[in-house]
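Here the structure is laid out as C-alpha cells; the discussion comes afterwards.
The values are calculated or read from the model by the stated rules, or taken from the named source; none is laboratory data. What you are looking at is a predicted structure, and each value in this text was computed from that prediction instead of being measured. FYI the Cβ positions are ideal-geometry reconstructions off the backbone, even for glycines, and counts take in every protein chain you see. Accessible surface is based on the protein model in full, side chains and every heavy atom, while ligands, DNA and RNA are left aside. Shrake-Rupley method; radii C 1.70, N 1.55, O 1.52, S 1.80 Å.
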Amino acid sequence: THIGNAVDTEVFSPRDKLRCKRKFGLPENVPVVVFGATDTTIPYKGFSFLLQALHILKDQGINLHLVIFGQNPPKQPIPFPSTYVGCMSGNDLPEVYSAADILVSPSLQECFGMVISEASACETPCVAFDVGGVSDVILDGHTGFLAQPHNATHLAQCITRMLVDRDLSVQFGKNARKHILDNFDSALIAQKHIELYNRVVNEK
C-alpha cells in the first residue's frame, strides 16, 4: 500500500504575493526563486547543483532574486542578490512560498519532498531533480518540471522555462495546488490510513 505524506492545505495555501514580498523585503519586479531545507548545507540537499545552475543563468543574462530558508546559510558566493530568512515556522513558511515565483529543490535523494508539496499547496510551481518520490508530487510539464538528476545544465534549463514564461508558471502553480488537494490533503490521507487499518483488521 502506497500512502503519501499529508499536507495541511488550510495552513499551506496561497497568500497575497505582493504583500508577502514586501514582508520579507523582496523585490517586486524581479522573479523570486526560493530554496530551503532543514539544513541547507547537507550535501544531499544539492545546493552545489543549484549554485552551478545559477552561474549558468547568470551567464545567460537571466535576472532573479534568491531566497534561502533553513539552518546554516550556504557559505559559497551566490551570483545573484539573495535573502536568507532563517528557519521558518507557522504562517511564515507559507508566506515565504507565496512570495516566490518558483521553488527549486535540487535534492539528490528524497523519499517524498515535503518542501515541494508545501510550496505546491501554496500555488508555487517547483523545479526539482527527478529522484525518489518527487515525481509523485511534481507532474512533469503540468505542475512543474523534473530535471535530470546531477545535471545542473538541465536544472538551469527548467528554471529558465519557468521564469521566462510567467503565464506557464502561474498555470503550473494552480495545477500544483489542485494536485495536492486531490491527492495529499491531510483529511484524505487520514481516511486512507483508516481504510488500510480496517482492511488489515478484517483480514485478520
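For the reader, a short list of remarks on this structure follows.
- Per-residue ellipticity at 222 nm, computed for the chain from helices alone with -39500 (n - 2.57) per DSSP H run of at least four residues, works out to -13500 deg cm²/dmol.
- Cα shape, the range 85-190, gyration tensor, a/c 1.5 rule: rounded
- Inter-label distance for Leu139 and Val200, nm, one decimal - labels placed 7 Å from Cα along Cα-to-Cβ: 3.0 nm
- Estimated distance in nm for a label pair at Asp165 and His2, the labels positioned 7 Å out from Cα along Cα-to-Cβ: 2.7 nm
- Each of [x] 19.2; [y] 17.1; [z] 18.5 is a candidate for Kirkwood radius over Cα pairs in Å; the one calculated from this structure is [y].
- The stretch between Cys111 and Lys23 holds 28.5 nm of extra length on full extension. This uses 0.36 nm per residue minus the Cα-Cα distance.
- Heavy-atom accessible area for Tyr44, with the other protein chains in place and a 1.4 Å probe, reaches approximately 90 Å².
- Solvent-accessible surface (1.4 angstrom probe) belonging to Lys192, in square angstrom, nearest 10: 70 Å²
- Label zone at Phe80 (point 7 Å along Cα-to-Cβ), backbone N below 13 Å, the range 121-142: 127
- Highest-fluctuation residue, Gln76, Gln171, Gln157 considered, GNM on the chain with Cα pairs under 10 Å: Gln76
- Considering only Gly144, Gly25, Gly133, the Gaussian network model of the chain with Cα springs below 10 Å gives its largest mean-square fluctuation to Gly25.
- Full extension of the segment from Gln71 to Val30, taken as 0.36 nm per residue of separation minus the current Cα-Cα distance, would add 12.2 nm.
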